[in-house]
């Protein structure tokens, strides 16, 4: 079976037969897929893309691989290497022994094998300092025994040289005294190396000074430390923002998506007035990558773990993963086919059925402007929950700022409740929703119970399709992309300005903006108890996170139907305790707005006092509610660093 990479979606797909494509399939330019009257086959690229390990954006310095260090290592080990000028330096080899006329008879007392072993032991040392210690260990210095009167003194000491014949049985070594020529030729070094080793002795105890070549002197080292402290202080001055998905165990810290390392460095140049204390952009980037675990909060296309695992696997690993991968592809295709089927059903229903797709947009931070002070302050996050009606091609944007409420299942249910009520008045009897698999917002027992409540109270049918993780691209993503483009390079001070921009973002279809207040958020969690989803037909508990599709009908609202696979039959279970809950009206989730942290409000008021926010919006920020019970570890860390 041939597996190919789809250039349009980034998915791994099963390659359809060429003859079938030529005879039955046509290319849909709007979707980039081959389509016929009955089903869809994904577009097959002409050339199979070679799979490579993706390169990390944050590159860390690896000094062991630098050419200068590789050259130094080769020089110390006696290997052949190219110097900085490109000249090749030959490999170190042991020179011939001293002549036979030597008074110490070195050639007779030291064999060639001992010399070679002595040579190897010296050149396997990893640093110059270790080699100096090696030389001092086998060299002795004595005073000159005879001095001629009235003669010019040529030397003040005499040196004795030794070669160890028992290095193989260290520490029980045997030292053989040899001449200077024999010693130098055996190690293949010059006399200057011997002199330098003795110059490095600091006292009579024979302690060596460190090799300072390539190291910074103290004053320069202190200056570098101060420079690093300033870079750390500048990077810590930028506030972090929450993750788009808000996972409880998410340890990553994010900077505002309007920032980049290059932009941060430009701000750093204004931050440090003394040119002596400034570092280069390369040094700034290295400190950012190595000393900090920060990421820029940009909206990315979800990557599928299963497809990526198969794509980067070896041929042997692919054989073990093939069955899992093919099942994953079949589920992805089945989910997309069902989505297209429900969209067609909605178009043909004459207004009685709606297929809608919903999702949260990445949080939009306000105020937005090019002034550098905005990057150092915490901002107000505005949430946008979008419901896209595939029949009317209209997007409903339920928007509110973070001081009103959060972005959990109650907020999702309240927005859907508003959408359902308005369409029930128009005669809609069936709602089909499509979304991703975010457990904190969409795929949870609270939303399931909310559907049962609406079906029972309004006598409607509700169905929900969860797309396969990693393949959740939908029309809502296009809506959010249009909004992001319309906001690019625009100055926005307050949410009211943002709502107007969102409403006029699309030229073809007007986007509706529904502003939510804290009174619009209802508490639907009270519908659920610990026993609500405990009684399935097969007497097994419901695996909430494995549900791929569900439905409830107003004719029998307390029978919950679900699937674990798209092509399987419907399973059912009875919802326990829901009969009495249907008679109750949901209450408000909050009696007052949620509020923001004190640190964030102080930053916003500081921007107002500095005159960077228009006076007409200052009162809005001054009146933002504050919640002192909110504990924000990121905010506290920022306050401590400042």
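The values are calculated or read from the model by the stated rules, or taken from the named source; none is laboratory data. As the structure is a computational prediction, the values presented were derived from the model and not from experiment. A quick note on method: Cβ atoms are made from the backbone with ideal geometry, for glycine too, and the neighbour counts reach across all protein chains shown.
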Report whether or not residue 161 is crowded, with 18+ Cβ neighbours inside 10 Å, outside any helix (DSSP H, G or I) and at pLDDT 60 or above. yes
Pull out all pairs, ordered by first then second residue, where Cβ-Cβ is under 6 Å, the residues are six or more apart or on different chains, the first lies in region 316-336 and is without any contact (Cβ under 8 Å) to a residue 40 or more places away in the chain, and the second is in a helix (DSSP H, G or I) and surrounded by fewer than 15 Cβ atoms within 10 Å (Cβ to Cβ). none
Looking at 513, 502, 476, can you tell me which residue is on the phi < 0 side of the Ramachandran plot, at pLDDT 85 or above and not in a helix (DSSP H, G or I)? 513
(1) touching a helix residue (DSSP H, G or I) at 6+ places or on another chain (Cβ under 9 Å); (2) over 20 Å from residue 445 (Cβ atoms): which one isn't true of residue 579, the others all being true? (2)
Could you list all residues from region 359-375 that are farther than 30 Å from residue 434 by Cβ and within 22 Å of the chain's Cα centre (by Cα)? 375
Would you mind listing the strands (runs of 3 or more DSSP E) fully within region 355-471 where at least 3 residues are under 27 Å from residue 503 (Cβ atoms)? 364-366, 380-389, 394-401, 430-435
Condition test on residue 365, is it surrounded by 16 or more Cβ atoms within 10 Å (Cβ to Cβ) and touching a helix residue (DSSP H, G or I) at 6+ places or on another chain (Cβ under 6 Å)? no
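For (1) under 23 Å from residue 338 (Cα atoms); (2) in contact with a helix residue (DSSP H, G or I) (Cβ under 8 Å, 6 or more places away or on another chain), each residue gets a yes or a no:
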position: 420; (1), (2): yes, yes
position: 431; (1), (2): yes, yes
position: 436; (1), (2): yes, no
position: 447; (1), (2): yes, yes
position: 458; (1), (2): no, yes
position: 462; (1), (2): yes, yes
position: 472; (1), (2): yes, no
position: 480; (1), (2): no, no
position: 490; (1), (2): no, yes
In region 558-630, which helices (runs of 4 or more DSSP H) lie fully inside it and hold 3 or more residues that are at pLDDT 90 or above? 598-609, 615-622
Take region 544-557 and flag every residue that is modelled with pLDDT under 85 and part of a strand (DSSP E or B). 557
Name the residue that is modelled with the highest pLDDT, counting only residues in region 631-642 that are touching a helix residue (DSSP H, G or I) at 6+ places or on another chain (Cβ under 8 Å) and not in a helix (DSSP H, G or I). 632
Selection count, region 110-129, where residues are in a helix (DSSP H, G or I) and modelled with pLDDT of 90 or more: 12
Residue pairs, Cβ under 7 Å, 6 or more apart or interchain, first in region 252-264 and more than 19 Å from residue 230 (Cα to Cα), second modelled with pLDDT under 75 and surrounded by fewer than 17 Cβ atoms within 10 Å (Cβ to Cβ). List them. 252/243; 253/634; 254/243; 257/298
Given (1) over 27 Å from residue 115 (Cβ atoms); (2) in contact with a helix residue (DSSP H, G or I) (Cβ under 9 Å, 6 or more places away or on another chain); (3) modelled with pLDDT of 70 or more, where does residue 146 come up short, assuming only one miss? (2)
